[in-house]
1. Could you tell me how many of the residues in the stretch 177-199 are more than 14 Å from V165 (Cβ to Cβ) and of a type in the set (S, T, Y)?
2. Output the number of the condition that K237 fails; it satisfies all remaining conditions of (1) part of a loop (DSSP other than H, G, I, E, B); (2) within 17 Å of F306 (Cβ to Cβ).
3. Being of a type in the set (G, A, S) and closer than 13 Å to H218 by Cβ is the filter; apply it to the stretch 18-36 and report the residue that is farthest from the chain's Cα centre (by Cα).
4. Might you let me know whether the stretch 188-205 holds any residue that is at pLDDT below 90, in contact with a Leu (Cβ under 6 Å, 6 or more places away or on another chain) and within 16 Å of the ligand (Cβ to nearest atom)?
5. Based on what the data block shows, is V216 within 16 Å of the ligand (Cβ to nearest atom), closer than 26 Å to Q11 by Cα, within 16 Å of the chain's Cα centre (by Cα) and open to solvent by 30 Å² or more (accessible area, probe 1.4 Å)?
6. Check whether at least one residue in the stretch 126-144 is among the acidic types (D, E), free of Cβ contacts under 8 Å to residues at least 12 places away in the same chain and surrounded by fewer than 14 Cβ atoms within 10 Å (Cβ to Cβ), and report yes or no.
7. Return the residue satisfying two criteria in turn: it lies in the stretch 54-75 and is open to solvent by less than 20 Å² (accessible area, probe 1.4 Å) and in a helix (DSSP H, G or I), and of such residues it is nearest to the ligand (Cβ to nearest atom).
8. Check whether at least one residue in the stretch 156-177 is open to solvent by 20 Å² or more (accessible area, probe 1.4 Å), over 18 Å from T199 (Cβ atoms), in a helix (DSSP H, G or I) and free of Cβ contacts under 8 Å to residues at least 12 places away in the same chain, and report yes or no.
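The values are calculated or read from the model by the stated rules, or taken from the named source; none is laboratory data. Note that this is a predicted model, so its numbers are computed, not measured. FYI the Cβ positions are ideal-geometry reconstructions off the backbone, even for glycines, and counts take in every protein chain you see. Areas reflect the complete protein model, heavy atoms only, side chains present, ligands, DNA and RNA absent. Shrake-Rupley method; radii C 1.70, N 1.55, O 1.52, S 1.80 Å.
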Amino acid sequence: MSALPSARQSQAAIRLQGLEKIYAGGKRALDGVSLSIPRGSMFGLLGPNGAGKSTLINILAGLVMKTAGTAEVWGFDIDVNPRNAKASLGVVPQELLFDAFFTPFETLELQAGLFGVPKASRQTMELLRKVRLDDKAHAYSRTLSGGMKRRLLIAKALVHNPPVVILDEPTAGVDIELRQMLWAYVRELHAAGTTVVLTTHYLEEAEALCDRIAIVNHGRIVIDTDTPSLLSQAREKRVVVVLQDDISVVPAIEGAMRVELLDPRRLDILYDKAQVQAGAILAGLAAAGLCVVDVTTREADLEDVFLQLTGAAT
Ligand code: ADP
């Protein structure tokens, strides 16, 4: 954890108030975002493409100028105390951008220099060990695999030991093995006291890692709550039944929100679990003269909530 003093006793790792961004050309990417990310949390920022997530991150990273509102990192206002705000934040970008002719060791040393970390307090080899790149310390970056580059980006965001780290789509396009490794590493980072914010469009990733989730849509926060409460908002439940005989017409089932014929013997039925129970759905099938030979039900997951709140496919 960083030894940086806090500007004031704010409990938030990141606090945004009325944050607005209108790009030249008139696109309103952020439309009054107010958000408080608690210290010590593992926070998921979700939203469909174009929702405004990158704009938000880039404002915090000092890469995009906001149009209105305020933003604080670790209690430091990005306008009033830009240096401290910057020093409190590490951002792991999405793109794998490196100077191909630097080695991982040199890349980290340069970054430490940029952040004014004195030579004596640099932990370059230690960081490389943490992301399991110590054996590549002196290889050219261009010889690293995609997964290694991604790990190097994480190390690069940590050279100044910031208390808050934002990972932008950390596992986009990586294979399952690397995803597991990155998840383990992110959990380790969080367990060591770092506040972790991640954007992802893999909802199972947010569900697995994050204790709190905010969903952004059209530049606004549509929900900000702890993960279990968010999941409990999923009202829809699905039951798939296998029928004894083929049918060709979708039957009307009392209490169902949607009935779909998957194949002549399988029906996919969506219902609101707050309104009806599975038993009533099965009774409705019997009333329609259908004989059911097998049933599977599925609880709604984060994807269902996401769809409910944004109307966007993931
Ligand atoms: P996300 O990261 O959630 O996909 P972005 O923050 O990249 O969303 O984009 C939000 C909106 O702002 C989108 O409509 C996008 O087209 C627009 N946008 C992003 N960057 C720029 C820019 N530099 N100039 C103009 N419009 C932009």
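1. Residues that pass the stated criteria total 0.
2. The failed condition is (1).
3. G32
4. Within the stretch 188-205, the first condition is being at pLDDT below 90, and the residues that meet it are 200-205.
Still in the list and also in contact with a Leu (Cβ under 6 Å, 6 or more places away or on another chain): 203.
Going one step further and asking which of them are within 16 Å of the ligand (Cβ to nearest atom), we end up with 203.
Scanning the stretch 188-205, I find at least one residue that is at pLDDT below 90, in contact with a Leu (Cβ under 6 Å, 6 or more places away or on another chain) and within 16 Å of the ligand (Cβ to nearest atom), so the answer is yes.
5. Numbers: within 16 Å of the ligand (Cβ to nearest atom): yes; closer than 26 Å to Q11 by Cα: yes; within 16 Å of the chain's Cα centre (by Cα): yes; open to solvent by 30 Å² or more (accessible area, probe 1.4 Å): no.
No: the conditions fail for V216.
6. For the stretch 126-144, residues among the acidic types (D, E), free of Cβ contacts under 8 Å to residues at least 12 places away in the same chain and surrounded by fewer than 14 Cβ atoms within 10 Å (Cβ to Cβ): present.
7. The residue in question is T55.
8. Looking through the stretch 156-177, at least one residue is open to solvent by 20 Å² or more (accessible area, probe 1.4 Å), over 18 Å from T199 (Cβ atoms), in a helix (DSSP H, G or I) and free of Cβ contacts under 8 Å to residues at least 12 places away in the same chain.
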